[in-house]
1. In the range 77-89, what residues are among the aliphatic types (A, V, I, L, M) and out of contact with any helix residue (DSSP H, G or I) (no Cβ under 9 Å at 6 or more places or on another chain)?
2. Is it the case, given these coordinates, that LYS99 is out of contact with any Lys or Arg (no Cβ under 6 Å at 6 or more places or on another chain) and part of a loop (DSSP other than H, G, I, E, B)?
3. Scan the range 110-138 residue by residue and report those that are surrounded by 13 or more Cβ atoms within 10 Å (Cβ to Cβ) and at positive phi.
4. Starting from residues that are of a type outside the set (Gly, Ala, Ser), open to solvent by 40 Å² or more (accessible area, probe 1.4 Å) and modelled with pLDDT of 95 or more, keep the ones in the range 57-79 and report whichever is nearest to ILE142 (Cα to Cα).
5. Given (1) within 11 Å of the chain's Cα centre (by Cα); (2) not in a strand (DSSP E or B), identify the lone condition not met by VAL58.
6. Between a residue in the range 16-32 that is within 17 Å of GLY128 (Cα to Cα) and without any contact (Cβ under 8 Å) to a residue 24 or more places away in the chain and any residue that is open to solvent by 50 Å² or more (accessible area, probe 1.4 Å) and outside any strand (DSSP E or B), which pairs come within a Cβ distance under 6 Å, given they are 6 or more apart or on different chains?
7. Scan the range 1-48 residue by residue and report those that are at pLDDT below 90, surrounded by fewer than 19 Cβ atoms within 10 Å (Cβ to Cβ) and in a strand (DSSP E or B).
Amino acid sequence: MSSLTLRDIAKKLKKIDFCMMATRASSGAIVNRPMSNNGDVEYDGDSWFFSFEDTHKVPDIIRNPQVALAFAEPPSLLGKPGIFISIEGAATLIRDKTKFQEHWVADLERWFEQGVDTPGLVLIKVHGDRIQYWDGEDNGVIHV
């Protein structure tokens, strides 16, 4: 049984900016790429990512929406491992500027210079179905 709750996991994820998002390519290969969640993690298991429409991950998600996210927190100053979190879930592509504005943070302008009006912008929502975690002392699985 898990000792951490979904709310505990969401708090941890807010502190881990980058993860690796894995999709399934048309060849069947598993493809990973770094993504920033900008601390935009809801207590219901949703993670949000902005991307350009013309990247390989978009057709991968259209073909097979099942994705995996892998997060790793750095070790503490005393050497205790940080938490590792793996999220398996379904990705949805959102092209609605109203939703863009709900999830936009100013730091995103580093990659998307025209903000929510950036041509080819897409929002990826990943709803986690199964979350696994390990922190060196505790581990567990949370079903969302």
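1. LEU77, LEU78, listed by residue number.
2. Against the criterion (out of contact with any Lys or Arg (no Cβ under 6 Å at 6 or more places or on another chain) and part of a loop (DSSP other than H, G, I, E, B)), LYS99 does not qualify.
3. GLY115, GLY136 - these are the residues of the range 110-138 that are surrounded by 13 or more Cβ atoms within 10 Å (Cβ to Cβ) and at positive phi.
4. Let us first name the residues in the range 57-79 that are of a type outside the set (Gly, Ala, Ser), namely 57-67, 69, 71, 73-75, 77-78.
Checking which are open to solvent by 40 Å² or more (accessible area, probe 1.4 Å) leaves us with 59, 62-66, 73-75, 77-78.
Checking which are modelled with pLDDT of 95 or more leaves us with 59, 62-66.
On the way: PRO59: 29, ILE62: 26, ARG63: 26, ASN64: 23, PRO65: 20, GLN66: 17 Å.
Only one residue fits best here, namely GLN66.
5. Failing condition for VAL58: (1).
6. Close Cβ pairs (under 6 Å, with a partner that is open to solvent by 50 Å² or more (accessible area, probe 1.4 Å) and outside any strand (DSSP E or B)) do not exist here.
7. none
The values are calculated or read from the model by the stated rules, or taken from the named source; none is laboratory data. All values derive from a computational prediction rather than experimental measurement. So basically every Cβ, Gly included, is an ideal-geometry build from the backbone, and we count neighbours across all protein chains shown. The accessibility values were calculated without ligands, DNA or RNA, using every heavy atom of the protein model including side chains. Shrake-Rupley method; radii C 1.70, N 1.55, O 1.52, S 1.80 Å.
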